[in-house]
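Here the structure comes first, spelled out in structure tokens, and everything after it is commentary.
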Amino acid sequence: MNARDRAAEVARQVRDPEMPMLTLADLGVLRDVELDGGGEVVVSITPTYTGCPAMATMRDDLVHRLREAGFDRVEVRIVLDPPWSSDWISERGRAALREAGLSAPGPAPRRTGPIPLTLGPARSAPPCPRCGSAATRLTSEFGATACKALYRCTGCQEPFEHVKEI
Amino acid sequence: MNDEYAGDSSQWAFGTGFEDPLAGVDTTVPQGVDPAELAAYCLMLGDDALIMSQRLSEWCSRAPDLEEDIALANMALDLLGQARLLLARAAAADPGVVPALPEGSPVPAEDALAFFRDAEQFRNVRLAEVENGDFAHVVVRLLLFSVARLALLERLRTSPDQVLAAVAAKGVKEITYHRDWAGRWFLTLAQGTEESRRRLETALEALWPYQAELLAPHTGFGVDPATLRGEVDVVLDQVFAVSGVERPGDAPPSDAGREPIGGTGRELPGGTGRDGAHTAALAPLLAEMQVVARAHPSGRW
């Protein structure tokens, strides 16, 4: 394995600080790992939400892990375009979310033109990740982190978090 | 699950975060775009987001229930993120907009803009700064703000400035949630109890005079908010129709002695927040937001 691939492999193992069942690669936040001519590792990451407060922690974790692996010089860059989409969460990531009792996002809405106002339930409610019941109800479009909504299952009565489609 | 991090001090490196939210982003001003105009435009949108975010964050622990508390905090955070990028973009386009700080101060440009400008240097709409009221007040404020901001960001996705276009593309996804949250609560309060409807109508009456400012003409670089009037009206009228609430008449806040909330007559005649003419509510907001940063102009956070 060459140095670039080795650096990429280290970066891919770094976990998301807020949803540690996912690696940054599974979450789709890790966009690129390059080795420049001078031996510096350049890692590109993108925020899930603009205000994501975990970006600094992700940066620090990436730098720390890569240094541990022998890459002394690491630069972490932000990529804003194209914006992160929940569609970028890998199959492995979706399975890890379900395993942890979270509901994985459905397909992100694809829109052209003005975005229609939604005054009713925004989308069909996801099934309960615990009992599988389809009888679930939205509690709030906003949850403990920017990327999650809160639901409640009326079958097993348990609340659960759903990673939002964006 | 996090045992692997135990004793790992680097895991706790909060506060050493990204000094620059545009780290590694190409901030070259595109050919044909005037850097000063681009900076002024980004400052206007960034100030809207920053001041609105500050007002929303004041709701923390005060909302009617936990879910709505979390919702308001999330929206404040989204807007803070937009503000950081937009202020950083303004500073990168035209460093002349950044207030001077003591030599050697480590304060990044976005923080200098947020914490070291006075009220008359802010370019936010007054709708963002007026004091908080009850829950109906924040619902109406967010509805008016988000409908206009969403329409503007939708257009800015094709801005010739790639940074602004990227911020807009991301912001559209976030503000869609804010707008729809506000629209649903507007409907709920309108069709709830007599009391909830009374409060909603009171809030609408108090805030509507500030709505026009969101669509005030802007010349120079960027999408002119005045051109959004049609699509903004379509959405607002949809909410009013479904809720059975009458659309208020259009009277600017400075007309016929109508005093803005918290007004003390300091407003310039005909001036708006876009000109730096603010209500008396902005200065105390800034005093609270800026006091720590100003006490330590060479502090490292």
Would you list B:Ile175, A:Ile115 from fewest to most Cβ contacts within 10 Å? A:Ile115, B:Ile175
Report for chain A the percent antiparallel among DSSP-assigned beta bridges with both residues inside it, nearest 5. 70
If you wrap a convex hull around the Cα atoms of chain B, how much volume per residue is inside, in Å³? 160
Suppose we keep just the DSSP beta bridges with both residues in segment A:3-86; what percent of those would be antiparallel, to 5? 55
Could you list B:His178, B:His137 in order of exposure, starting from the residue whose Cβ has the fewest other Cβ atoms within 10 Å? B:His137, B:His178
Scoring segment A:3-86 by relative contact order with C-alpha pairs under 8 Å, at least six apart, yields a percentage of 31
What percent does the relative contact order of chain A come to when contacts are Cα pairs within less than 8 Å and at least six residues apart? 19
Just from its helices, what would the mean residue ellipticity at 222 nm be for the protein assembly as shown, if runs of 4 or more DSSP H residues each count -39500 (n - 2.57) and the sum is divided by every residue, rounded to the nearest 500 deg cm²/dmol? -13500 deg cm²/dmol
Among B:Met44, A:Met55, rank each residue by its count of other Cβ atoms within 10 Å, from fewest to most, as a rough exposure measure. B:Met44, A:Met55
Across all Cα atoms of segment A:86-127, Rg and the largest Cα-Cα distance (Dmax), in Å, are 13.1, 37
Using only Cα atoms, figure out Rg for chain A and give it as a multiple of 2.2 N^0.38 Å. 1.17
Quarter of the Cα convex hull surface for the protein assembly as shown, i.e. its orientation-mean projected area (nm²): 24.2
Any idea what the dipole of segment B:31-295 comes to, in debye rounded to 20, about its Cα centre with Lys/Arg Cβ at +1 and Asp/Glu Cβ at -1? 300
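Any read-out appearing in this document is the output of simple, stated calculations on the displayed coordinates, not a laboratory observation. In this text the structure is predicted, and so the values were computed from the model without any measurement. With ideal geometry, Cβ positions are generated from the backbone for all residues, glycine too; neighbour counts draw on all protein chains shown.
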